[in-house]
Every structure is written in C-alpha cells, then in structure tokens.
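**Student:** Structure below; questions to follow.
The values are calculated or read from the model by the stated rules, or taken from the named source; none is laboratory data. What you see is a predicted model; the values in this text were computed from it and never measured. Neighbour counts run over all protein chains shown; Cβ positions are idealised from the backbone, glycine included.
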Amino acid sequence: MKTKLALCLAAIIYLSAPAPAQELGPAFKKVKDGIFVYAAVLNEANSTIILPQEGVVLVDTGQSPRDSHVVMAAIKKLTSQPVRFIIHSEPHPDHAMGDFVFSPPAIVIGHAGSTASMKASESFSPARIEKQMSASREMRDAFQGFRLVTPHIEYRDRMSLNIGERTLELYYLKNVHSEADTAIWLPKERVLFTAASVGVKRFGNHRPLVSIPDTLSGIKMMKALNPEVVIPGHGNPGTAKILDDMESYYAKLMDGVRQMVSQGKSLDEIKKQLKIPGTEDWEGQDRFANNIEAAYRAVAGK
Ligand SMILES: [Zn+2]
C-alpha cells in the first residue's frame, strides 16, 4: 500500500514538473531548474528561457525569428504563463529581431542606447529584412507579422528586476561589444549572462568602440560575482572558466601587441606576425585582425 502511494505521488510530481530539456529538443540545454538555453547551431546567438512562478523572462530572442518561434513553442510546452519580460543582452539583430513574436505582451528591457542603436542599424532596414525573408519559404513564414520592437524600458548602469521568486540584476557592460551591452546576474541561482563580452573558443567582433581594458574590468566585475553557471551571448554555457579563459586570452593579446609596438613594429606588421598559441581552432579567425586593432588602440592609449 505504502509503495503504491509512493508511486502515485512520484507520478504526480513527475507530471507537474516542467518538461526536461530533452523533450524540448536537442538544441535546448537545461542549466538550472527552470532555466533553458537555446541555440540551433553552435555559436549562434543564445536565447534563454527563465521560468519564475509568475510568468516567463527571456534573455534575447534568438538568432532569427525562425528561432524565436522555436523558443515560443518550447515555452508553450513548459508553462501556460505569458512572456512578461525580454532582456536584451545587446541590441543587434541576432539577439533582438524576433522580439515581435513575444511582444506584446512582453515588455522589452535594454540598456540606454539600445533604441538609438537599433534605429541607426542597417540590419533592421526594410531592405535587409526583405533579403533575410527571401532566404527561404520557412524564413518568410517566420517573419509573418514582423515589426521592429525597440526597448520599452532603457535602464542606466544598474537595474533589478524582481519577478516571483527570482531576482535578476542587470549590469551595464561598457564598450565590450555594442552600444548597449548588459550582463544579467541571478544571485540565488548563481547564473550569469555575460552578453558578448566573452566567447567560448571564439573571437569577438571588435568594432572601433570596443575597449579591451573596459572589457577586462567587466570580466573582473563578473568574476567577483562568483557564478556557478556562465551563459555567454554566443556559445555553449559553462562555468567561470569561460571568464578565466577570455581574461588570459586578452592578457596574451595585450602582451604580444605591447611587445611588438616596443620593437617599433607597425599595426600591419603586427597583424601579419602575431600569433596567440591556443587560439588556432577558435571560430571567427577573420576577426582576429580587429582584436589586434583593439589591443593596439589600448596600448597606444587611444
Ligand atoms: Zn552583436
């Protein structure tokens, strides 16, 4: 009798538990209870579903609207609650193009500068969107009902979002990738979202606004939080080792560039000659040159 009751209870508990990640599909990774990271292809932008008891929070909406629909279907399997908030780790299209799939009713949050960045970006222009839609029938379907959703809330420097039992702390990351990058920290769960300040065996795209010293300060700040799970903007979730590895890469890059500058080498010569051991198999080799440019700016104090 006792066993029967136990089995029955176990069945009830099992049925009421959220769907495990494998039921959502192989592209979903469960990193904590109620936190699922999605990317269809390695190194495409991550979209993360966070389930508090009082609704759903999304961090980024996926590489393209096609991914946003996959994420929406997964949310429907997990809960009947609506998506209440979307937090942009950055305002680029591979993180924000699919917001219209969830908003309304979702409220979109980004750092100050997000809306201006999106409005100025060629990537969100009708011509570029038409080009993306014409890639396939599937993509055209995924863009049905598209409209550009810019953040309803733009915070400055820091913000706390309390929803149900969860707290999400938003921190501005200055000059790490875009005009408006946000790290997100869940202190109880010890889960950290780094935005594109770090990658996993992947060179970041260092536009002229990127500052390596500022990025290193951002990494230091994030390491001090002592995270257990680290979710980069692109790449597989892991541990604080992701932060350590990137810190050591930047140290080697800065040392290498500083040494060559002191030998009187030009930027072009440095680009041709500098090699950082251990990065041979990293993704985005064509971006190594702009990483060197960022280090050169830092060494020159610009
Ligand atoms: Zn980006």
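**Student:** Taking the criterion of being part of a helix (DSSP H, G or I), surrounded by 11 or more Cβ atoms within 10 Å (Cβ to Cβ) and at pLDDT 95 or above, would at least one residue in region 56-65 satisfy it?
**Tutor:** Filtering region 56-65 down to residues part of a helix (DSSP H, G or I) leaves 65.
The next check asks that each one be surrounded by 11 or more Cβ atoms within 10 Å (Cβ to Cβ); those that pass are 65.
Filter once more, keeping what is at pLDDT 95 or above: 65.
Yes, that holds for at least one residue.
**Student:** Is it true that Asp244 is loosely packed, with under 12 Cβ neighbours inside 10 Å, among the acidic types (Asp, Glu) and either over 21 Å from the mean Cα position of the chain (by Cα) or part of a helix (DSSP H, G or I) (or both)?
**Tutor:** Working: loosely packed, with under 12 Cβ neighbours inside 10 Å: no; among the acidic types (Asp, Glu): yes; either over 21 Å from the mean Cα position of the chain (by Cα) or part of a helix (DSSP H, G or I) (or both): yes.
No: the conditions fail for Asp244.
**Student:** Taking Asp286, is it at pLDDT below 95, surrounded by fewer than 16 Cβ atoms within 10 Å (Cβ to Cβ), part of a helix (DSSP H, G or I) and among the charged types (D, E, K, R)? Outline the logic, then answer.
**Tutor:** Working: at pLDDT below 95: yes; surrounded by fewer than 16 Cβ atoms within 10 Å (Cβ to Cβ): yes; part of a helix (DSSP H, G or I): yes; among the charged types (D, E, K, R): yes.
Here the answer is yes, as Asp286 does meet what is asked.
Per-residue answers, yes or no, for (1) under 25 Å from Leu267 (Cβ atoms); (2) within 16 Å of the ligand (Cβ to nearest atom); (3) of a type in the set (A, V, I, L, M, F, W, C):
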{"site": "Arg202", "(1), (2), (3)": "yes, yes, no"}
{"site": "His206", "(1), (2), (3)": "yes, yes, no"}
{"site": "Ala224", "(1), (2), (3)": "no, no, yes"}
{"site": "Glu228", "(1), (2), (3)": "no, no, no"}
{"site": "Ile231", "(1), (2), (3)": "no, yes, yes"}
{"site": "Gly235", "(1), (2), (3)": "no, yes, no"}
{"site": "Asp244", "(1), (2), (3)": "no, no, no"}
{"site": "Ser248", "(1), (2), (3)": "yes, no, no"}
{"site": "Leu253", "(1), (2), (3)": "yes, no, yes"}
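**Student:** Looking only at region 121-136, how many residues end up being away from the ligand (no atom under 16 Å from the Cβ) and touching a residue at least 60 places away in the same chain (Cβ under 8 Å)?
**Tutor:** Of all residues in region 121-136, those away from the ligand (no atom under 16 Å from the Cβ) come to 125-127, 129-131, 133-136.
Those left that are additionally touching a residue at least 60 places away in the same chain (Cβ under 8 Å): none.
Of the residues in that region, 0 qualify.
**Student:** Among the residues that make up region 215-222, is at least one of them within 16 Å of the ligand (Cβ to nearest atom) and either out of contact with any strand residue (DSSP E or B) (no Cβ under 6 Å at 6 or more places or on another chain) or at pLDDT below 95 (or both)? Let's see the steps before the verdict.
**Tutor:** Applying the first criterion (within 16 Å of the ligand (Cβ to nearest atom)) to region 215-222 yields 215, 218.
Filter once more, keeping what is either out of contact with any strand residue (DSSP E or B) (no Cβ under 6 Å at 6 or more places or on another chain) or at pLDDT below 95 (or both): 215.
Yes - at least one qualifying residue is present in region 215-222.
**Student:** Here's something else I'd like to know. Out of everything in region 137-179 that is of a type in the set (Lys, Arg) and away from the ligand (no atom under 16 Å from the Cβ), what residue ends up being nearest to Asp60 (Cα to Cα)? It would help to see each step written out before you state the result.
**Tutor:** Step one: filter region 137-179 for residues of a type in the set (Lys, Arg), giving 137, 140, 147, 156, 158, 166, 174.
This time we only want the ones that are away from the ligand (no atom under 16 Å from the Cβ), so: 137, 140, 147, 156, 158, 166.
Working: Arg137: 24, Arg140: 21, Arg147: 16, Arg156: 18, Arg158: 18, Arg166: 18 Å.
Within region 137-179, the match that is nearest to Asp60 (Cα to Cα) is Arg147.
**Student:** Looking only at region 107-120, decide whether some residue is over 18 Å from the mean Cα position of the chain (by Cα), within 15 Å of the ligand (Cβ to nearest atom), outside any loop (DSSP other than H, G, I, E, B) and over 18 Å from His69 (Cα atoms).
**Tutor:** yes
**Student:** Run down Ser89, Ser68, Ser80 and say which single residue is polar (S, T, N, Q) and either at positive phi or within 16 Å of the ligand (Cβ to nearest atom) (or both).
**Tutor:** Details: Ser68 fails: either at positive phi or within 16 Å of the ligand (Cβ to nearest atom) (or both); Ser80 fails: either at positive phi or within 16 Å of the ligand (Cβ to nearest atom) (or both).
From the options Ser89, Ser68, Ser80, the qualifying one is Ser89.
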